[in-house]
Structures are given as structure tokens and as C-alpha cells.
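The values are calculated or read from the model by the stated rules, or taken from the named source; none is laboratory data. Given the structure is predicted, the values throughout are model-derived calculations rather than measurements. For neighbour counting, all protein chains shown are included, and Cβ atoms are generated from backbone atoms with ideal geometry for every residue, glycine included. Each accessible area value is taken on the protein alone, full model and side chains, heavy atoms only, with ligands, DNA and RNA left out. Shrake-Rupley method; radii C 1.70, N 1.55, O 1.52, S 1.80 Å.
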Amino acid sequence: MNELKVQDFHGKQVIDSRDVAMMVEREHKELMKSIRVYAQYLAEGEIPLGDFFIESTYLDANNQTRPNFLITKKGCDMIANKTTGKKGVLFTAAYVTAFEEMRQALYNNNRQLWNMIEQ
């Protein structure tokens, strides 16, 4: 099972859509299509896309710019709710664990900082 890596993007914790696609065993282009449909629905409902998905790009093996999304915890929740069976359960477990580990690391870093300031 692949491990999801949470990264910080301008203060938001996100996971790369390529990693999510690998985790749920879908082609990245297929996941991108689904996310674009979700984005359209969110826009129609006047719900901020950035709370779920952040449009981004990456360089492929040929050094060409390709589109991807950075997916927040809310976005992962949405994808997990659309993914059934074993894949859905394993993805949910992986992303919940990854975001919790990031949250705990941020908490520990802030606590250490405050302890240093108080001394």
C-alpha cells in the first residue's frame, strides 16, 4: 500500500492528486476528470473550490508542464465518499492517517516553539 504524503501549500495541508490516483488505483487523467466534475458542482453551489481542490501543475518525465490538483482533507473526504469497497476503505484509512500525522507534527512543533519562548 502506498503512503500518502501531506504537504503544506500556503497554510493548507494537501495531497497531490497523482498520489491519490495511485492509492485508489485509477489513472490520474480519470481522477482529474472526476475532480473537474466536482469543481463544476461546487461552482454551481457557490462553494469555494479551494476548500476542496487547488489547481496546480507539475513537470513530467519529459520536463513538460502537466495539470494536477492539490487535494485538501475535505477534497479527500469527497473522493473517499465516491470510492467504494476495499479501495475506498484503504484510501480513507491512508488519508485520515496522513492528515492526522501532519496535524500532530504541526501541534508538536508549535508546542516546542511556545516552550522555547516561555523559557
Using protein chains only and a probe of 1.4 angstrom, how many square angstrom of Asp60 are accessible, to the nearest 10? 30 Å²
Note to self: with every protein chain in place and a 1.4 Å probe, the chain gives an accessible area per residue in Å² of 67 Å²
For every other residue with a beta carbon closer than 13 angstrom to the beta carbon of Tyr58, add +1 if it is Lys or Arg and -1 if Asp or Glu, then tell me the sum. -2
Under 13 Å between C-alpha atoms is the cut-off here; go through the chain and count lysine pairs that meet it, provided they're at least eight residues apart or on different chains. 4
Probe 1.4 Å, all chains present, heavy atoms only: Val14 accessible area in Å², nearest 10, is 0 Å²
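If you roll a 1.4 angstrom probe over the protein chains with everything in place, what fraction of the accessible area of the chain belongs to carbon and sulfur, to the nearest %?
51 percent
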Report the extension gain between Arg103 and Lys82 in nm, rounded to one decimal, defined as 0.36 nm multiplied by the number of residues separating them, less their alpha carbon distance. 5.1 nm
Enter the angle in degrees (range 0 to 90, nearest 10) between the Cα long axis of helix 73-82 and the first principal axis of the Cα atoms of the chain, meaning the one along which they spread out most. 40 degrees
Dipole of the stretch 3-119, positive direction: furthest Cα of Ile15, Ser34, Gly45, with charges on the beta-carbon: Ser34
Can you classify the stretch 35-109 as rounded, prolate or oblate using the Cα gyration tensor, where a ≥ b ≥ c are the square roots of its eigenvalues, rounded means a/c under 1.5, and otherwise it's prolate if a/b beats b/c and oblate if not? rounded
By the C-alpha gyration tensor axes a ≥ b ≥ c (rounded if a/c is under 1.5, else prolate when a/b exceeds b/c, else oblate), the shape of the stretch 6-53 is oblate
Ignoring everything except DSSP H segments at least 4 long, calculate the 222 nm mean residue ellipticity for the chain; use -39,500 (n - 2.57) per segment, divide by total residues, nearest 500. -19000 deg cm²/dmol
The long-range amide H neighbours of Phe53, using H built 1.01 Å from N in the peptide plane and a cut-off of under 5 Å, are Thr72
